[in-house]
Amino acid sequence: MKRFSTLAAALAVAGGLAVTGPALADGPTVIKAVGTWGSLTNYQKHEGPFWNERIAKASGGAIVGEIKPQTELGLKGFEIMRLVKNGVFDFAFGLPGYVAAENAVFEGADLSSVTQDIETQRTVSKAYFPTLEKAFAEIYNAKLLMLYPFPSQTLWCNGEVNGIKDLAGKKIRVYATTLGDFVEGVGGTSVTVPFAEVIPALEKGVVDCGITGTMSAYKAKWHQVATHAYTLRVGWGLAFGAMNMDKWNAMGAEKQAMLQKELAILNDQMWTETATEDEVAISCITGGKCDIGEPGAMKLVTPSAEDLALRDKIANEVVLARWAERCGAECAAGWNDSVGKILGLTAKAK
């Protein structure tokens, strides 16, 4: 794979950035990064601008970034952290669900259907951060620096779905094991389909429904093939930002502090914006007011009280129980002492 060049560093200097002083005594640190989906808000408004422009300006040229989305690079989600571990990339944004095949511990901050509002999800993410930080260091030789959300993960179906019981017998696209647990808990069949292939899969009947974020579904135009927007929240699509540990250690304390400060600002901005995207996306995709593009015409189906009660039962008895078995007793105990206390739930590994 072609590695990123240091062109950005040269451009930063040529652009008149302040490049003198102790922070640049050893020259600029160039970060080669990979982002998530180039067509979605998180990359377009946050990930891309941060590495391609903002960090160079904020650091006075001490840190210079270059980033491309995984979609442009032709990468699959599960490949990204392996490439960071091997030093092909210095930094990556990605979803823990895509790296959970290495260890189920990565699923623990975004178990399907367990967390229902974004404020609680952020509290859960903070509580579980030390556990994920340790796992990234041990498994990927990486420094975890961020956890941030995509919008609510809900169901988009090509065919009539008026409640949770209508999902029984349906083939439903998932991208993480924990989502598959939910689907199987409602009597459906989970099918793993890459994001870029969901539209043809819905058209051809390979899947009946797909799970993705509200804004992701709208931006990817799922409404052109799907008919029913069932807004049962089954996850958040929690994402991470992590850096190769060798690169991190080579930066030195001053640049590390500088980068952490700017990433913390970015993290806050992403949580704030994501909190507003559900309402906008659902309105757009179901023919309501839409200031960001052409509206769709999907039928909006909101979950009933019975649906929500059944979802919570499945979350506890199927999703949490299966995850505890995958992760093991020690992992479940750590979750109970952190996330479990926040949610009032207990993960039990047999």
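Please enumerate the residues belonging to region 134-146 that are on the phi < 0 side of the Ramachandran plot and either free of Cβ contacts under 8 Å to residues at least 40 places away in the same chain or open to solvent by 10 Å² or more (accessible area, probe 1.4 Å) (or both).
LYS134, ALA135, ALA137, GLU138, ILE139, LYS143, LEU145, listed by residue number.
Answer yes or no: is there a residue in region 265-287 that is at positive phi, open to solvent by 30 Å² or more (accessible area, probe 1.4 Å) and over 22 Å from the mean Cα position of the chain (by Cα).
Yes - at least one qualifying residue is present in region 265-287.
Being β-branched (Val, Ile, Thr) and touching a Lys or Arg at 6+ places or on another chain (Cβ under 8 Å), is that true of even one residue in region 224-236?
yes
With the condition kept exactly as written, say whether any residue in region 238-249 is of a type in the set (Lys, Arg), open to solvent by less than 70 Å² (accessible area, probe 1.4 Å) and under 30 Å from TYR140 (Cα atoms).
Yes, region 238-249 contains a residue that is of a type in the set (Lys, Arg), open to solvent by less than 70 Å² (accessible area, probe 1.4 Å) and under 30 Å from TYR140 (Cα atoms).
Suppose the filter is within 30 Å of THR231 (Cα to Cα) and aromatic (Phe, Trp, Tyr); does PHE89 pass it?
No; evaluated as a whole, the condition is false for this residue.
Of everything in region 48-65, what is under 27 Å from VAL99 (Cα atoms) and either of a type in the set (S, T, N, Q) or surrounded by fewer than 19 Cβ atoms within 10 Å (Cβ to Cβ) (or both)? Give them in sequence order.
Answer for region 48-65, where residues must be under 27 Å from VAL99 (Cα atoms) and either of a type in the set (S, T, N, Q) or surrounded by fewer than 19 Cβ atoms within 10 Å (Cβ to Cβ) (or both): PRO49, ASN52.
Can you tell me which of (1) surrounded by fewer than 22 Cβ atoms within 10 Å (Cβ to Cβ); (2) in contact with a His (Cβ under 8 Å, 6 or more places away or on another chain) is the one GLU102 doesn't meet?
Status for GLU102: all satisfied but (2).
What do you reckon, is LYS171 more than 14 Å from the chain's Cα centre (by Cα) and at pLDDT below 95?
no
Restricting to helices (runs of 4 or more DSSP H) lying wholly in region 48-115: which have 2 or more residues that are in contact with a Lys or Arg (Cβ under 7 Å, 6 or more places away or on another chain), at pLDDT 95 or above and on the phi < 0 side of the Ramachandran plot?
none
Which of the residues spanning region 110-136 are of a type in the set (Gly, Ala, Ser), under 24 Å from ASP90 (Cα atoms) and touching a strand residue (DSSP E or B) at 6+ places or on another chain (Cβ under 7 Å)?
SER125, the sole residue that qualifies.
Evaluate region 210-220: report whether one residue or more is surrounded by fewer than 22 Cβ atoms within 10 Å (Cβ to Cβ), within 20 Å of the chain's Cα centre (by Cα) and farther than 30 Å from PRO130 by Cα.
Looking for residues that are surrounded by fewer than 22 Cβ atoms within 10 Å (Cβ to Cβ), within 20 Å of the chain's Cα centre (by Cα) and farther than 30 Å from PRO130 by Cα, one finds at least one in region 210-220, hence yes.
Could you list, in sequence order, all residues of region 157-204 that are within 18 Å of LYS76 (Cα to Cα), of a type in the set (Gly, Ala, Ser) and open to solvent by 40 Å² or more (accessible area, probe 1.4 Å)?
ALA196
Please go through (1) more than 19 Å from the chain's Cα centre (by Cα); (2) in contact (Cβ under 8 Å) with a residue 12 or more places away in the chain; (3) part of a helix (DSSP H, G or I) for ALA229 and return the number of the only condition it doesn't satisfy.
For ALA229, the exception is condition (3).
The values are calculated or read from the model by the stated rules, or taken from the named source; none is laboratory data. The shown structure was predicted, so the numbers you read here are calculated from the model rather than taken from an experiment. Neighbour counts run over all protein chains shown; Cβ positions are idealised from the backbone, glycine included. When the accessible area is computed, the model is the full protein with side chains, heavy atoms only, and any ligands, DNA or RNA have been set aside. Shrake-Rupley method; radii C 1.70, N 1.55, O 1.52, S 1.80 Å.
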